[in-house]
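The structure appears below as structure tokens.
The values are calculated or read from the model by the stated rules, or taken from the named source; none is laboratory data. Being a predicted model, the structure only gives us computed values, none of them experimental. Using ideal geometry, Cβ is built from the backbone for each residue, glycine included, and neighbour counts are taken over all protein chains shown.
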């Protein structure tokens, strides 16, 4: 906030994963951690490689289940990635953060990740490839 005005200082990109059908999962279970690890590997792959004025922060494992209308309220594991200024954290979003967010989303799309859609097929492919 700057006075009464909200200022966007970065972006949050969320990656979601669902347990295999038939898995009886509990929040924070071993399977949840495995899904988060897969999402983390995926997230690292899509980050820009060169040093920029923006930085990327991958949040730690969140043991809670998450639900979204896009998946008919099925429980999911989430990985949160932040795109923020390397310095002057409270500065408004600039062209660098915009560019980084768009690049990460393009890289995710190249890997077959679709906005708001869970893909069991993509998960199986990533498990086979070790990514």
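The figures follow:
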quantity: Residues of segment 1-32 that turn out to be farther than 30 Å from residue 90 by Cβ and either at pLDDT 95 or above or in contact with a strand residue (DSSP E or B) (Cβ under 7 Å, 6 or more places away or on another chain) (or both), as a count; calculated: 3
quantity: Pick from segment 39-59, criterion over 15 Å from the mean Cα position of the chain (by Cα) and in contact (Cβ under 8 Å) with a residue 12 or more places away in the chain, ranking: nearest to residue 71 (Cα to Cα); calculated: 54
quantity: Single residue of 62, 88 found to be without any contact (Cβ under 8 Å) to a residue 12 or more places away in the chain and either surrounded by fewer than 17 Cβ atoms within 10 Å (Cβ to Cβ) or farther than 11 Å from residue 16 by Cα (or both); calculated: 88
quantity: Residues satisfying the stated conditions in segment 3-38, i.e. without any contact (Cβ under 8 Å) to a residue 60 or more places away in the chain, within 28 Å of residue 86 (Cβ to Cβ) and either in contact with a helix residue (DSSP H, G or I) (Cβ under 9 Å, 6 or more places away or on another chain) or not in a loop (DSSP other than H, G, I, E, B) (or both); calculated: 5, 36, 37
quantity: Members of segment 60-82 that are out of contact with any helix residue (DSSP H, G or I) (no Cβ under 9 Å at 6 or more places or on another chain) and either part of a helix (DSSP H, G or I) or at pLDDT below 95 (or both); calculated: 64, 66, 67, 68, 69, 70, 71, 72, 73, 74, 75
quantity: Selection from segment 13-51 of residues that are surrounded by 16 or more Cβ atoms within 10 Å (Cβ to Cβ) and under 16 Å from residue 100 (Cβ atoms); calculated: 13, 15, 43, 46
